[in-house]
Amino acid sequence: MKLWGGRFTESTNELVEAYTASIPFDQRLAEVDIRGSIAHAKMLGTCGIIPAADADLLVAGLAALLDDVRQGKVSFSVEDEDIHMNLERLLHERIGPVAGKLHTGRSRNDQVALDMHLYMKSAIVEVLEAIRGLQGALVQTAEQHVDTVIPGYTHLQRAQPVLLAHHLLAYFWMLERDADRLKDAARRTDMSPLGAGALAGTTFPIDRVQVQTELGFEKLYENSLDAVSDRDYLVEFLAAASLIMMHLSRLSEELILWSSEEFGFIELADAYCTGSSMMPQKKNPDVPELVRGKTGRVYGHLMGLLTVLKGLPLAYNKDLQEDKEGVFDTLDTLLPALWLFKGMVETMKVRSDKIAAALARDFSNATDAADYLVRKGLPFREAHAVIGKLVLYALQQGKNLGELTIQEYRKHSALFEEDIYHAVQVETVVNRRAIRGGTAKAAVLEQLAMARATLANG
């Protein structure tokens, strides 16, 4: 018989039982559920709601059950629906009828809400640690390439040269914003709903603050209806996770392009690639491709939970059981992606010869040629037109700007002098951009120092 089966006259339909059971996925809440139950049992004893001896027996039984869960000695049953009923049944088998007193003054509604808050507090910390690991890898690789110039792109067309270190640090700062968002979301995750009961609180004189303190929560929910129905913090996590995955997907796209034969800027370590079942020469960037693909999976979980929540009346509804699988799958998708990217970034080989050959063929120094004329007194719009025609001429001659003669330059403007060749050198082009946040080596070294300080400060 179900623990809640007193008012029912027939057994649950087997398909209903399978369809409504959450134990296949919520069993990962076992440890936090037991922690919450231990805190609740202690409070029941302290407040005199149950005898102290019963509270001690509950705590001891739960502690032993927790050890068994951690050692993988416990199996769960679909017939008991969810992790809460499974654990209560197991506790009853161990300590007898006293186990029935554990549920005094609480509902599965505030119990599951508590479990998810506890679980997500730890999960957010784990994601933040993984972000820091990837940020550290980006900084480490950037420090190795403060003199490596690569083509910078807009519209996926060559635009202006930048330092590879500068490019990598762009992702560092994206991830820093991601970390800030998660830290902010953590504040609203760090709230205890226990004591809300099913929706209206409880008639027993419980001490919510004792449980809050025992479990290390910063705040309490001040409204019982809100406490059992709030899933905002999960939406916030999924939104933050979606942005992280979007950033990883953008980096994935660049690693895929850069490692192609057409670009050849980098080579990913064999450990992060796979081969072809048919073509023996292939080395496929499967990891970044999968991360790029799995980004949509995480987006879907965000939209899924928003859709679940949009029409729910207060307070608890069975729909809210749908809050867990998407969150769990997001964690199982996001954390390995961050760990894998750390390894890929740390081990990728930069092919400086290919990069130099690419830079020699382009006109990404054209803006600096225009700026050269501006410094000679020509208005920028006129300088822009002059260089546009000069680029067209160079293309027709099969040359780049560094290969044109001074006579060819002067056919387009008398303002050109011999120093134009220095102005359009790649190193000059990069190092002229020495403003804060620019790609000059001096500015990038400042960025690296800030990034290191950011990592040191946690």
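Quick note: the coordinates plus some simple rules give every number you see, no bench work behind them. Predicted model only: the values in this text are computed from it and were never measured. Glycine also receives a Cβ, built like all others from the backbone with ideal geometry; neighbour counts cover every protein chain displayed.
Helical content of the chain, expressed as a calculated mean residue ellipticity at 222 nm, amounts to -20000 deg cm²/dmol (DSSP H runs of 4 or more residues, -39,500 (n - 2.57) each, divided by residue number, nearest 500). Here D68 and Q144 are evaluated by their C-beta separation; at R0 = 41 Å the FRET efficiency comes out at 0.25. Which residues among segment 144-160 fall inside the zone where the amide N is under 19 Å from a point 7 Å beyond the Cα of A434, along Cα→Cβ? Once the point is set 7 Å along Cα→Cβ of A434, 146-149 turn out to lie under 19 Å by backbone N, inside segment 144-160.
Rounded to the nearest 0.05, the FRET efficiency derived from the C-beta distance between D332 and A360 at R0 = 51 Å is 0.65.
Ordering 15-25, 186-196 by mean Cβ neighbour count within 10 Å, with the highest value first, yields 186-196, 15-25.
For segment 41-116 versus segment 278-355, the inter-centroid distance based on Cα atoms is 34 Å.
Remark on A159: its backbone amide H falls under 5 Å from those of G152, Y153, T154, a criterion applied only to residues 5 or more positions apart or on other chains, H modelled at 1.01 Å from N. Taking the C-alpha atoms only, the angle from helix 83-95 to the longest principal axis of the chain is near 40 degrees. Between H422 and M303, the modelled labels are 5.7 nm apart [label points 7 Å from Cα along Cα→Cβ].
In this label model, T154 and V78 are separated by 5.8 nm, measuring between points 7 Å along each Cα→Cβ vector.
When DSSP beta bridges are restricted to pairs lying wholly in the chain, around 80% turn out antiparallel. Which pairs, out of K73/K318; K282/K399; K283/K399; K376/K441; K183/K324, put more than 24 Å between their alpha-carbon atoms? Listed pairs above 24 Å: K73/K318; K282/K399; K283/K399; K376/K441. Were the residues from K399 through E126 laid out at 0.36 nm apart, the gain over their Cα-Cα distance would be 93.0 nm.
Each label was represented as a point 7 Å from its Cα along the Cα-to-Cβ direction; for R250 and T104 these points are 5.6 nm apart. Compared with the dominant principal axis of the Cα atoms in the chain, helix 286-309 is inclined by about 50°. Dipole magnitude for the chain: about 1300 debye, using +1 per Lys or Arg Cβ and -1 per Asp or Glu Cβ, origin at the Cα centre. What residues from segment 14-44 fall in the zone where the backbone N is under 20 Å from a label point 7 Å along the Cα-to-C-beta line of R89? Once the point is set 7 Å along Cα→Cβ of R89, 14-35, 37 turn out to lie under 20 Å by backbone N, inside segment 14-44.
Would you mind getting me the FRET efficiency between S352 and K310? Use the beta-carbon distance for r and R0 = 56 Å, nearest 0.05.
Approximately 0.60, to the nearest 0.05.
At 0.890 mPa s and 25 °C, plugging the Kirkwood radius over alpha-carbon pairs of the chain into Stokes-Einstein gives what diffusion coefficient in µm²/s? Diffusion coefficient, whole number: 93 µm²/s. Determine which residues of segment 335-363 fall in the zone a paramagnetic label at A269 would reach in this model, i.e. backbone nitrogen under 17 Å from the point 7 Å along Cα→Cβ. Within reach of a label on A269, which here means backbone N under 17 Å from a point 7 Å along Cα→Cβ, segment 335-363 contributes 336-351.
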